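Reviewing the structure listed below.
Bear in mind these aren't lab numbers, they're just calculated from the coordinates by the rules spelled out. Predicted model only: the values in this text are computed from it and were never measured. Backbone-built Cβ (ideal geometry, glycine too); neighbour counts: all protein chains shown.
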Amino acid sequence: MSTAQELSGRLALVTGAGRGIGEAVVRVLVERGCRVLATDVDREGIDALAREHGGSVVARVLDVTDAAAVEALVADAEETVGALDIAVNVAGILRCSPVGELTDEDWAATFAVNTNGVFHVSRAVSRRMAGRGAGSIVTVASNAAGIPRTTMAAYAASKAASVMFTKCLGLELAPLGVRCNTVSPGSTLTDMQRGMWPAGEERDDGPAARRVIAGDLASYRTGIPLGRIADPSDIAEAVAFLVSDRARHITLHDLYVDGGATLRA
């Protein structure tokens with residue numbers, strides 16, 4: 001089945017769209033014929049997408065931690081851009097630290113973006129979708145939500161909360177025709193991933209990348225059975241599937257896209 005233009009006529013809101021997985025999601029949705037409201041806390045990346053894709057991408061600065069700002073943006077978009085058919089929660093941050101050294105600020109900031117932001121956006125868009133009897137919401141979480149990770153307690157906990165929130169939302173909205181799913185990536189070649197590697201080892205084929213693929217017994221971390229780190233487009237393709245009519249009977253699902261790294265623990 002051809003996927004070309006399968007999302008033609010639909011409008012999607014994507015958070016964290018300025019780079020990494022969010023940027024890849026925008027590109028894939030546009031390729032499928034979707035118009036995209038690309039949002040990010042930083043303007044540079046989303047403005048570049050709008051210039052590249054013309055009328056198919058509308059750029060808006062948005063801080064997902066600000067509930068009032070989220071509500072205002074969604075309300076304005078519905079009036080001036082169009083009814084939202086799709087929402088993809090990608091915005092996220094990572095603060096690594098052993099729990100004993102984890103600061104209150106890092107814990108709060110992580111949940112503010114990764115969990116509260118998902119709540120703010122999903123609440124605002126789902127109200128409109130439910131009234132129309134149709135829509136699809138996808139939250140990009142992490143395989144860390146399903147398996148313990150050393151130095152990643154705040155990140156893993158925030159992603160686990162977002163997964164369960166999205167499932168609960170999906171259960172409430174299923175009778176109203178709105179589907180809610182999550183995509184849980186493993187290690188993916190983004191700035192966030194490279195930021196975890198030692199200085200000088202940021203190359204995608206360098207020693208840090210090879211260690212990720214091989215795994216690390218000292219940190220209780222398995223390797224990646226498929227033998228490669230994901231490209232952002234791998235995650236974006238999963239998102240595009242879940243928001244399409246090909247997935248019309250899928251909701252409350254958490255799709256792991258991690259090359260088998262967690263052994264689906």
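Out of Ala214, Ala218, report the one residue that is free of Cβ contacts under 8 Å to residues at least 12 places away in the same chain and surrounded by 13 or more Cβ atoms within 10 Å (Cβ to Cβ). Show your work before the answer.
Details: Ala218 fails: surrounded by 13 or more Cβ atoms within 10 Å (Cβ to Cβ).
One residue alone meets the criteria, Ala214.
Could you identify the single residue in Val58, Val99 that is without any contact (Cβ under 8 Å) to a residue 60 or more places away in the chain and crowded, with 18+ Cβ neighbours inside 10 Å? Full working, then the answer.
Values: Val99 fails: crowded, with 18+ Cβ neighbours inside 10 Å.
The conditions single out Val58.
Among Arg51, Arg27, Arg19, Arg10, which is farther than 17 Å from Val90 by Cβ and surrounded by 17 or more Cβ atoms within 10 Å (Cβ to Cβ)? Give the steps one after another, and end with the answer.
On the way: Arg51 fails: surrounded by 17 or more Cβ atoms within 10 Å (Cβ to Cβ); Arg27 fails: farther than 17 Å from Val90 by Cβ; Arg19 fails: farther than 17 Å from Val90 by Cβ.
Exactly one residue qualifies, and that residue is Arg10.
Go through segment 155-264 and tell me which helices (runs of 4 or more DSSP H), entirely inside it, have 2 or more residues that are over 21 Å from the mean Cα position of the chain (by Cα) and on the phi < 0 side of the Ramachandran plot.
Numbers: elements: 191-194, 207-214, 232-243.
Here the list reads 207-214.
Answer with yes or no whether Ala240 is in contact with a Phe, Trp or Tyr (Cβ under 7 Å, 6 or more places away or on another chain), in contact (Cβ under 8 Å) with a residue 60 or more places away in the chain and within 21 Å of Val90 (Cα to Cα). Reasoning before the result, please.
Values: in contact with a Phe, Trp or Tyr (Cβ under 7 Å, 6 or more places away or on another chain): no; in contact (Cβ under 8 Å) with a residue 60 or more places away in the chain: yes; within 21 Å of Val90 (Cα to Cα): yes.
No, not satisfied.
Go through segment 224-234 and give me each residue that's touching a strand residue (DSSP E or B) at 6+ places or on another chain (Cβ under 8 Å) and small (Gly, Ala, Ser). Give the steps one after another, and end with the answer.
Residues of segment 224-234 that are touching a strand residue (DSSP E or B) at 6+ places or on another chain (Cβ under 8 Å), as a first pass: 229-232, 234.
Across segment 224-234, the qualifying residue is only Ala230.
Just a yes or no: is a residue in segment 60-68 of a type in the set (Ser, Thr, Tyr) and touching a Gly at 6+ places or on another chain (Cβ under 8 Å)? Give the steps one after another, and end with the answer.
Going through segment 60-68, the residues of a type in the set (Ser, Thr, Tyr) turn out to be 65.
Filter once more, keeping what is touching a Gly at 6+ places or on another chain (Cβ under 8 Å): 65.
The answer is yes; a qualifying residue exists.
When you check Gly45 against the structure, is it surrounded by fewer than 24 Cβ atoms within 10 Å (Cβ to Cβ), of a type in the set (Gly, Ala, Ser), without any contact (Cβ under 8 Å) to a residue 12 or more places away in the chain and assigned to a helix (DSSP H, G or I), yes or no?
Details: surrounded by fewer than 24 Cβ atoms within 10 Å (Cβ to Cβ): yes; of a type in the set (Gly, Ala, Ser): yes; without any contact (Cβ under 8 Å) to a residue 12 or more places away in the chain: no; assigned to a helix (DSSP H, G or I): yes.
Answer is no for this residue.
Pick out the one residue from Ile93, Ile137 that is in a strand (DSSP E or B), closer than 24 Å to Tyr256 by Cβ, of a type outside the set (S, T, N, Q) and within 17 Å of the chain's Cα centre (by Cα).
Values: Ile93 fails: in a strand (DSSP E or B).
Result of the check over Ile93, Ile137: Ile137.
Every residue in segment 243-265 that is touching a helix residue (DSSP H, G or I) at 6+ places or on another chain (Cβ under 8 Å) and either without any contact (Cβ under 8 Å) to a residue 12 or more places away in the chain or of a type outside the set (Phe, Trp, Tyr) (or both), please.
Going through segment 243-265, the residues touching a helix residue (DSSP H, G or I) at 6+ places or on another chain (Cβ under 8 Å) turn out to be 243, 247, 250-258, 261-262.
Once the filter is applied, which keeps residues that are touching a helix residue (DSSP H, G or I) at 6+ places or on another chain (Cβ under 8 Å) and either without any contact (Cβ under 8 Å) to a residue 12 or more places away in the chain or of a type outside the set (Phe, Trp, Tyr) (or both), segment 243-265 yields Val243, Ala247, Ile250, Thr251, Leu252, His253, Asp254, Leu255, Val257, Asp258, Ala261, Thr262.
Check off (1) surrounded by fewer than 23 Cβ atoms within 10 Å (Cβ to Cβ); (2) not in a helix (DSSP H, G or I) for Val113 and give me the number that stays unchecked.
The one condition Val113 does not meet is (2).
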